[in-house]
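Below: the structure, in structure tokens.
The values are calculated or read from the model by the stated rules, or taken from the named source; none is laboratory data. All of these numbers come straight from a predicted model, not from anything done at the bench. Cβ coordinates were reconstructed from backbone atoms using ideal geometry, including for glycine residues, and neighbour counts include every protein chain displayed. Only protein heavy atoms, including side chains, enter the accessible area calculation; ligands, DNA and RNA are left aside. Shrake-Rupley method; radii C 1.70, N 1.55, O 1.52, S 1.80 Å.
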Amino acid sequence: MGKDLAERFPAARAVFDAVDTGVGVALSRIMFEGPDDELTATVNAQPAILAHTAAVFAIVGEKVAGAVAAAAGHSLGEYSAYVTAGALEASDAAKLVRRRGELMQKAGEERPGTMAAVLGLATKDVEAACEAASQQASVAVAANINAPDQTVISGDPEAVTRAGDLCKKRGAKRVIPLKVSGAFHSPLMGPAQNHLQLALERAAFRDPEFPVVANATAEAVKEAGRARRLLSDQLTATVRWVECMQHAARMGGEGARFVEIGPGTVLAGLLKRIVPEANVVSLGTADEVTKFMEAA
């Protein structure tokens with residue numbers, strides 16, 4: 001993960017080194033060499049994804065400088081978005097997301113929860129199913145609104161099961177249980193929120209150089225104080241990705257280009273389902289980055 005970037009681009013290597021120093025762990029060694037079970041542990045996976053994204057931006061940032069209308073990131077990717085906007089240094093952001101991962105893991109251990117992806121059902125129907133399935137001591141919520149027909153639900157296991165069954169009755173094509181260590185973006189993450197807020201207040205946070213569209217509200221954030229508040233809220237709030245991408249498209253205007261940076265192409269695929277006419281390129285590998293940099 002990211003090894004090809006580090007070998008080809010000194011700017012990427014510098015980011016990985018800075019993140020290693022920031023988190024106090026040889027994270028880049030785990031990224032480049034594994035083992036997989038160590039890399040996929042929440043406390044390592046979150047800063048690793050951020051480091052990969054920041055490394056790509058360290059290369060391509062100069063090419064897009066002055067032309068960025070807005071940035072956005074899905075869940076932990078919102079921290080990466082603030083790195084691209086100059087509000088956070090990559091090393092500081094990596095420390096924050098590592099702490100975030102620790103807090104989320106602990107919250108999941110104290111009150112075990114789960115998540116499931118609902119495919120082929122409109123968001124309003126998923127939300128109605130969650131509301132019907134929730135009881136005083138057992139809740140399910142729409143955690144990630146990823147596309148008009150793809151919503152992830154989160155909460156107490158029995159409530160998520162009930163909500164999934166109700167979604168099937170309402171016409172969902174599939175309900176897929178997810179392998180997660182907690183009920184992320186749900187009220188079950190509440191115990192972690194105050195601790196994360198404290199970490200955010202202590203971090204060196206600047207006003208972003210361009211707006212960052214927040215997961216929790218889909219608003220364009222321009223101030224460090226508001227960014228801190230919404231990143232804290234994000235732990236228990238729905239990731240409103242459909243609204244985020246619709247807002248970003250409006251901000252970019254006609255002919256806007258979306259650039260997905262970091263590992264994988266998931267967000268590009270979701271974008272095409274939200275804004276079908278969107279022009280999007282994904283940059284994660286050294287070859288993809290090289291091609292982008294060499295293009296006119």
Filtering region 243-273 for residues that are open to solvent by 20 Å² or more (accessible area, probe 1.4 Å) and either farther than 24 Å from I59 by Cα or outside any strand (DSSP E or B) (or both) leaves a count of 19
Taking region 203-262 and keeping residues within 19 Å of V97 (Cα to Cα), among the basic types (K, R) and in contact with an Asp or Glu (Cβ under 8 Å, 6 or more places away or on another chain) leaves R228
Check your understanding: Would region 96-108 turn up any residue that is farther than 18 Å from A41 by Cα and aliphatic (A, V, I, L, M)?
Key -> no
Filtering region 105-121 down to residues that are among the aliphatic types (A, V, I, L, M) and open to solvent by 40 Å² or more (accessible area, probe 1.4 Å) yields L119
Checklist entry - Does V139 satisfy the condition of being farther than 24 Å from R273 by Cβ, among the β-branched types (V, I, T) and crowded, with 17+ Cβ neighbours inside 10 Å? => result yes
For R170, the lone unmet condition from (1) open to solvent by less than 20 Å² (accessible area, probe 1.4 Å); (2) more than 17 Å from L235 (Cα to Cα); (3) of a type in the set (D, E, K, R) is (1)
Contact list, first residue from region 160-177 and within 15 Å of T123 (Cβ to Cβ), second anywhere and polar (S, T, N, Q), beta-carbon distance below 8 Å, six or more apart or interchain, is A163/S134
- Kindly indicate whether any position in region 275-292 is closer than 25 Å to V221 by Cβ, assigned to a helix (DSSP H, G or I) and open to solvent by less than 20 Å² (accessible area, probe 1.4 Å). no
Filter region 99-125 for residues that are aliphatic (A, V, I, L, M) and assigned to a strand (DSSP E or B); the one that is nearest to F205 (Cα to Cα) is M115
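Table: residues versus (1) of a type in the set (S, T, N, Q); (2) in contact (Cβ under 8 Å) with a residue 60 or more places away in the chain.
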residue: P10; (1), (2): no, no
residue: F16; (1), (2): no, no
residue: G22; (1), (2): no, yes
residue: A26; (1), (2): no, no
residue: R29; (1), (2): no, no
residue: E33; (1), (2): no, no
residue: N44; (1), (2): yes, no
residue: A51; (1), (2): no, no
residue: V56; (1), (2): no, yes
Over region 126-156, the set of residues part of a loop (DSSP other than H, G, I, E, B) and either in contact (Cβ under 8 Å) with a residue 60 or more places away in the chain or of a type in the set (V, I, T) (or both) is V139, P148, D149
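So that you can scan it fast, the table gives a plain yes or no per residue for (1) modelled with pLDDT under 95; (2) in a loop (DSSP other than H, G, I, E, B); (3) surrounded by fewer than 18 Cβ atoms within 10 Å (Cβ to Cβ); (4) of a type in the set (V, I, T):
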| residue | (1), (2), (3), (4) |
| --- | --- |
| R162 | no, no, no, no |
| A183 | no, yes, no, no |
| G190 | no, no, yes, no |
| L198 | no, no, yes, no |
| G225 | no, no, yes, no |
